[in-house]
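Okay, so here's the structure we're looking at.
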């Protein structure tokens, strides 16, 4: 609804840079073509992917559980905001966050904080953000991040009020 209101007579998406490129897949050997494409994809996203994995591993390994309980515990808005914020840089898919959240919930994390973390993690994965930045442009990209944070925070607060 916000996009419809704010961009009523303007184009929201920018597809101008998406002209069909010259195909690089001209090698007749299918295995060699696959390896070349794999290499290009690793060069394009590998560093971001590695950074997200390392950040997630360091976070899970070296941040004590009692710190997580203090940050996320109770029905406080602060815990929901921290959970939504931490979910942004971590490379976490929906299924990958379940064991992590299960441990945090057993240690005292509120359900609202878990909901906020679960919403921000998958919606701000590196692959999603890279595609969105290209399609939306930098200004709308930051609007998207702000919206995800606001929506996750609000949802977390509502979940805490209901439970």
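The values are calculated or read from the model by the stated rules, or taken from the named source; none is laboratory data. Everything quoted here is computed from the prediction, not taken from an experiment. Virtual Cβ from ideal backbone geometry, glycine too; neighbours counted across all protein chains shown.
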Checklist entry - Restricting attention to the range 149-163, and to residues there that are in contact (Cβ under 8 Å) with a residue 60 or more places away in the chain and within 28 Å of residue 53 (Cβ to Cβ), which single residue is surrounded by the most Cβ atoms within 10 Å (Cβ to Cβ)? => result 156
Checklist entry - In this structure, is residue 69 surrounded by fewer than 17 Cβ atoms within 10 Å (Cβ to Cβ) and either assigned to a helix (DSSP H, G or I) or modelled with pLDDT under 80 (or both)? => result yes
Checklist entry - Which of (1) surrounded by fewer than 20 Cβ atoms within 10 Å (Cβ to Cβ); (2) part of a helix (DSSP H, G or I); (3) touching a residue at least 24 places away in the same chain (Cβ under 8 Å) is the odd one out, the single condition residue 89 does not satisfy? => result (2)
Checklist outcome for this item: Conditions (1) surrounded by fewer than 18 Cβ atoms within 10 Å (Cβ to Cβ); (2) within 27 Å of residue 127 (Cα to Cα); (3) modelled with pLDDT of 75 or more -> residue 80 fails only (1)
Item to check | Hey, residue 52 under 28 Å from residue 143 (Cβ atoms), in a loop (DSSP other than H, G, I, E, B), under 25 Å from the mean Cα position of the chain (by Cα) and modelled with pLDDT under 75 or not | outcome: no
Checklist entry - Among the residues of the range 106-115, is there at least one that is more than 25 Å from residue 159 (Cβ to Cβ) and either modelled with pLDDT of 85 or more or touching a helix residue (DSSP H, G or I) at 6+ places or on another chain (Cβ under 9 Å) (or both)? => result no
Item to check | Of all residues making up the range 96-135, the number that are in a helix (DSSP H, G or I), more than 13 Å from residue 71 (Cα to Cα) and free of Cβ contacts under 8 Å to residues at least 40 places away in the same chain | outcome: 19
